[in-house]
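Accompanying notes for the structure given below.
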């Protein structure tokens with residue numbers, strides 16, 4: 001019963017809110033301004049060529065740095 005009354009109240013207040021006539025719209029004057037595009041394209045030539053290094057194995061430097069050993073990693077004799 002409570003849910004039915006709540007649904008009816010929500011529908012009633014929704015229709016009352018939509019039925020209000022608030023047509024106080026303000027007209028806005030638009031202004032048009034011309035736009036000029038001046039684009040200068042200049043080609044830039046590279047003086048130096050860069051060389052990429054090729055490694056035999058992918059991520060070789062990372063794997064080398066992650067496989068370090070410390071003194072505590074060694075096996076101890078009991």
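Figures for the structure shown
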{"read-out": "Using a Förster distance of 35 Å, the FRET efficiency for residue 39-residue 68 (Cβ separation, nearest 0.05)", "value": "0.05"}
{"read-out": "Protection proxy ranking, peptides 27-37, 66-76, 4-14, average beta carbon neighbours within 10 Å, highest first", "value": "4-14, 66-76, 27-37"}
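Read the figures in this text as sums done on the coordinates, not as results from a lab. The model shown is predicted, which means the values in this text are computed figures rather than measured ones. Because the Cβ atoms are built from the backbone with ideal geometry, glycine has one as well, and the counts that use them run over all protein chains shown.
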